[in-house]
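Colleague: One structure, as structure tokens, below. Some questions next.
The values are calculated or read from the model by the stated rules, or taken from the named source; none is laboratory data. This is a predicted model, so every value here is computed, not measured. Cβ sites come from the backbone with ideal geometry, for glycine too, and all protein chains shown count toward neighbours. Note: accessible area is taken over every heavy atom of the protein model, side chains too, but ligands, DNA and RNA are not part of it. Shrake-Rupley method; radii C 1.70, N 1.55, O 1.52, S 1.80 Å.
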Amino acid sequence: MLDHLSIRVADLARSRRMYDACLPALGYQVVMTIDDAPDFKGVGYGGDSHEPGFWIGASTDPADPPPVPIDGMHVAFGAKDRHSVDAWYQAALAHGGTDNGPPDIRAHYHPNYYAAYVIDPDGYHLEAVCHLAA
């Protein structure tokens, strides 16, 4: 349904440290960077297709106000297995993320819904989820 999702961050280097550390656990890596646009710097992450599906970016215009996470916004990254969810969660916490729910089954969604939740350095609510049985 979506081609890509972009979020604006206050400090690109700080946010990139967390995303660069945790997204490889889910099979995503940096596939594109934009450093030369007149008003934007950003990093695009993607999987095997090498198409950036998730972007973090910062305005280079000093007049722009700091980013404010959209209340209720939630980004869920798909994981191939439960081990990947665990690795994503640990890497995110080790690189600036804040715990918002450790890896576990969320049976209220379905019996195999295994997920972990983190808040990134800008306050965005993130999830890694695997829908497969152990």
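Colleague: Got a number for residues in the range 74-99 being part of a loop (DSSP other than H, G, I, E, B), closer than 20 Å to R14 by Cα and of a type in the set (A, V, I, L, M)?
Modeller: Final tally of qualifying residues: 0.
Colleague: Let me ask something else about it. Please pick out the residue among G96, G101 that is in contact (Cβ under 8 Å) with a residue 12 or more places away in the chain, open to solvent by 40 Å² or more (accessible area, probe 1.4 Å) and at positive phi. Reasoning before the result, please.
Modeller: Details: G101 fails: open to solvent by 40 Å² or more (accessible area, probe 1.4 Å).
That would be G96, the only listed residue that is in contact (Cβ under 8 Å) with a residue 12 or more places away in the chain, open to solvent by 40 Å² or more (accessible area, probe 1.4 Å) and at positive phi.
Colleague: How many residues, within the range 93-113, are within 24 Å of A133 (Cβ to Cβ) and of a type outside the set (D, E)?
Modeller: 12
Colleague: Show the residue pairs meeting these rules: Cβ distance below 6 Å; 6+ apart or different chains; first residue within the range 107-134 and within 19 Å of C22 (Cα to Cα); second residue surrounded by 22 or more Cβ atoms within 10 Å (Cβ to Cβ) and modelled with pLDDT under 95.
Modeller: From residues that are within 19 Å of C22 (Cα to Cα), the pairs are D122/V9.
Colleague: More than 13 Å from L126 (Cα to Cα) and open to solvent by 70 Å² or more (accessible area, probe 1.4 Å), is that true of D35?
Modeller: The answer is yes for D35.
Colleague: Of all residues being buried (at least 16 other Cβ atoms within 10 Å of the Cβ) and in contact with a Lys or Arg (Cβ under 9 Å, 6 or more places away or on another chain) in the range 43-72, which is nearest to A92 (Cα to Cα)? Just the residue, please.
Modeller: That would be I56.
Colleague: With respect to I70, determine if the residue is β-branched (V, I, T) and over 23 Å from A128 (Cβ atoms). Full working, then the answer.
Modeller: Working: β-branched (V, I, T): yes; over 23 Å from A128 (Cβ atoms): no.
No, not satisfied.
Colleague: Let me ask something else. Output yes when any residue across the range 3-24 is in contact with a Lys or Arg (Cβ under 9 Å, 6 or more places away or on another chain), under 17 Å from L93 (Cα atoms) and open to solvent by less than 70 Å² (accessible area, probe 1.4 Å), and no when none is.
Modeller: no
Colleague: Another one. Y109 - would you say it is in contact with a Cys (Cβ under 6 Å, 6 or more places away or on another chain) and open to solvent by 20 Å² or more (accessible area, probe 1.4 Å)?
Modeller: So Y109 does not fit the description; no.
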